[in-house]
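K.L.:
Handing you this structure, nothing more for now.
The values are calculated or read from the model by the stated rules, or taken from the named source; none is laboratory data. Everything numeric here is computed off the predicted structure, so don't read it as measured data. Heads up, the Cβs are rebuilt from the backbone with ideal geometry, glycines too, and the neighbour counts pull from every protein chain shown.
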Amino acid sequence: MKIHKILCILLCATFIFAPIITLAEGEYTMNDSKFYKSLAKSESEYIQKVMLSNGALPMNPVSVTNDFASKDLPDINGIPDETYKTWKCGKIMPYFSESAILGILEAAPETSKETVEKFINWYFDNLNTAETDLYGVDGTIYDYYVFVDPNDSSKIVQISLHEMHKDEYPNQKDNPNDYDSTDSYAALFVRILYDYYQTYGESDLFVDRKADVDRVLNALFSTYVDKIDLTYAKPSYKVCYLMDNCEVYNGLVAAAALYDAVYNDQTKSAELAEYADKVDAALEKYMWDEKAGAYYYGIFADGKSIDEVTPENLQQFYPHATAQLFPIMFGLLDDNADRATMIYEKFNSNFGQKGVAGKDWAVIDKSDVYPWCTIARAAVAVGDYERTDRFLETLKNKFIMQAHKYPYYTGEAGQALIAINAMLTPVELLGVENEVLTADVGDEIELGALLFPESADAGRLNISIKDNTIVEFDKSDAKLKALKAGQTEITLTLNETSFDIVLNVKDTTATSGTASEVSNGKSKNDNKNTLYAVIAGIGAAVIGTIAVITFKKSKKKK
């Protein structure tokens, strides 16, 4: 069985879903942007603090342990095992390291460049060759234990998990301690390279390392099954996982873009894009169960499913239920918002029940002990602001403020950063649905969920009213209140884009007849008391004083 998977990666494609949650007055008070900015700072600093001087990124800060005192280990770089076994020790799983790096790239790029660069170099420097890999696959990378001299942080010893545990297995073919996967590790690393290029606009770090990137992709394709166009986890474990293949799809999309933009290799780029399309189609063909309305969490390399998709199985938090969220997070449902919403709501019917013991992931109360920050990333992607906010508040109180205690670790911090950044990311204001509104004195015009009422600032959707005696904006419930008869303008502004909505308020006690509401020349009487802002961008961006009501669906990009 694959170990605990916790990853959400930046989407190469843009996908937009209508918000799930609309908050009523007094129902829930969201944290403001200061809360999220503080979290982004603390978690990016935490990841950077855990990183070692050679660029390795353990799951947790290194600490003294006697776990290996009885083991007979090799001398490394002239340092006897009796010496380094007394040093501080940490565990490195590149899968989780990559998650952390993607998080700081997303949420703290201005302070993280050196950290990202050190990790990229460490990863390249530790690639296995066909001779050093247990299965003869070039371009893989092992999981490691790392020992650090407490008196000199530049003195570091790395030893693979396989080497560390080899005395426990008379037959080394039975020793499972190599890497958790070859497909996901490679996919996420290529994603990091492309995101680095996109973030900083430069590729000097790896422009001359195309051969090494080829090797990384060799590791990814080493388990690719032509018959079903999916990858299995690693050479010794021939199971094709939904989670892994969502990551593989996303990594291939990034790789295609990388080879085009950085290496000017359009032939290879087209080939990788074609493979991404094949994986996309295969996930639909082999892993989607239309009758059950859910995905298989995994299939064997011959295309047969591991387990059925049943309501009972979907009540198993891991792997059945959590796997369902990965197609949402990795861009596979860009053009199928209805399915994404259905999957997410089905997940919450089992694990998103507010106040129900063992069934409320938003307060980290479920069967699994890990925080699972990936769920927050899925939640924010479909516009579930309330659960995302409750989760991050709980995460702060339960783990972050408690010295990042176990089972929180750098990989979780990376996932949290992606969700946090999404809650702070402005979207693009494309237009308004109702250009002219009509209301009666005393009417309330719905604007949607109230987010960050005290921190509307530049870069977020703001509302201004020309004549506040005619209508006022009530921050307590995110509604416009019609006060007296007259006409005024309401201006929606996001970044440098603004739209004006004309509001006519009439006093029915003083006048007779009705006014018509017009938008783009069409009657809008049925939408009399609703103002819609049409927004494009990643679904759950935090936008200041009001929340997005209607999204404009963008086309899938590959």
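K.L.:
From 256, 294, grab the single residue that is hydrophobic (A, V, I, L, M, F, W, C), buried (at least 22 other Cβ atoms within 10 Å of the Cβ) and within 23 Å of residue 137 (Cα to Cα).
P.N.:
Details: 294 fails: within 23 Å of residue 137 (Cα to Cα).
Just a single option satisfies the conditions, and that option is 256.
K.L.:
For the range 435-530, which fully contained strands (runs of 3 or more DSSP E) count at least 2 residues that are modelled with pLDDT under 50 and under 28 Å from residue 425 (Cβ atoms)? Step through it out loud before you land on a result.
P.N.:
Details: elements: 436-440, 444-446, 462-465, 471-474, 479-482, 486-494, 497-506.
Once the strands (runs of 3 or more DSSP E) in the range 435-530 are filtered for at least 2 residues that are modelled with pLDDT under 50 and under 28 Å from residue 425 (Cβ atoms), nothing remains.
K.L.:
Hey, can you tell me all the residues within the range 191-202 that are touching a residue at least 24 places away in the same chain (Cβ under 8 Å) and closer than 18 Å to residue 253 by Cα? Walk me through how you get there before you give the answer.
P.N.:
Our first condition is that a residue be touching a residue at least 24 places away in the same chain (Cβ under 8 Å); within the range 191-202, this holds for 191-197, 199-200.
191, 192, 193, 194, 195, 196, 197, 199 - these are the residues of the range 191-202 that are touching a residue at least 24 places away in the same chain (Cβ under 8 Å) and closer than 18 Å to residue 253 by Cα.
K.L.:
Checking the conditions here, which among 236, 160, 203 is surrounded by fewer than 21 Cβ atoms within 10 Å (Cβ to Cβ), hydroxyl-bearing (Ser, Thr, Tyr) and in contact with a Phe, Trp or Tyr (Cβ under 6 Å, 6 or more places away or on another chain)? Talk me through it step by step, then tell me what you get.
P.N.:
Details: 236 fails: in contact with a Phe, Trp or Tyr (Cβ under 6 Å, 6 or more places away or on another chain); 160 fails: surrounded by fewer than 21 Cβ atoms within 10 Å (Cβ to Cβ).
The conditions single out 203.
Conditions tested, residue by residue: (1) under 23 Å from the mean Cα position of the chain (by Cα); (2) part of a helix (DSSP H, G or I).
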| position | (1), (2) |
| --- | --- |
| 212 | no, yes |
| 247 | yes, yes |
| 250 | yes, yes |
| 255 | yes, yes |
| 264 | no, no |
| 275 | yes, yes |
| 299 | no, no |
| 307 | no, no |
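K.L.:
More than 18 Å from residue 130 (Cα to Cα) and surrounded by fewer than 21 Cβ atoms within 10 Å (Cβ to Cβ): does that describe residue 175? Before the answer, list the steps.
P.N.:
Values: more than 18 Å from residue 130 (Cα to Cα): yes; surrounded by fewer than 21 Cβ atoms within 10 Å (Cβ to Cβ): yes.
When the stated conditions are applied, residue 175 passes them.
K.L.:
If residue 133 satisfies every condition in (1) surrounded by 21 or more Cβ atoms within 10 Å (Cβ to Cβ); (2) touching a residue at least 24 places away in the same chain (Cβ under 8 Å) but one, which is the exception?
P.N.:
Status for residue 133: all satisfied but (2).
K.L.:
Which one of 372, 361 is hydrophobic (A, V, I, L, M, F, W, C), buried (at least 17 other Cβ atoms within 10 Å of the Cβ) and closer than 20 Å to residue 188 by Cβ?
P.N.:
Numbers: 361 fails: closer than 20 Å to residue 188 by Cβ.
Exactly one residue qualifies, and that residue is 372.
Per-residue answers, yes or no, for (1) of a type in the set (Asp, Glu); (2) closer than 25 Å to residue 247 by Cβ; (3) outside the structural domain of residue 244 (by TED's automatic domain parsing); (4) touching an Asp or Glu at 6+ places or on another chain (Cβ under 9 Å):
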| residue | (1), (2), (3), (4) |
| --- | --- |
| 147 | no, no, no, no |
| 153 | no, no, no, no |
| 166 | no, no, no, no |
| 172 | no, no, no, no |
| 205 | no, yes, no, yes |
| 210 | no, yes, no, yes |
| 216 | no, yes, no, no |
| 221 | no, yes, no, yes |
| 225 | no, yes, no, yes |
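K.L.:
On to the next question. How many of the residues in the range 391-424 are among the aliphatic types (A, V, I, L, M), touching a residue at least 12 places away in the same chain (Cβ under 8 Å) and farther than 16 Å from residue 379 by Cβ?
P.N.:
First pass over the range 391-424, keeping only residues among the aliphatic types (A, V, I, L, M): 392, 395, 400-401, 403, 413, 416-420, 422-424.
Applying the additional criterion that residues be touching a residue at least 12 places away in the same chain (Cβ under 8 Å) yields 392, 395, 400, 413, 416-420, 422-424.
From what is left, the residues that are farther than 16 Å from residue 379 by Cβ are 400, 413.
So the answer is 2.
K.L.:
Just one of the numbered conditions (1) part of a helix (DSSP H, G or I); (2) under 22 Å from residue 53 (Cβ atoms) is not true of residue 167; which one?
P.N.:
(2)
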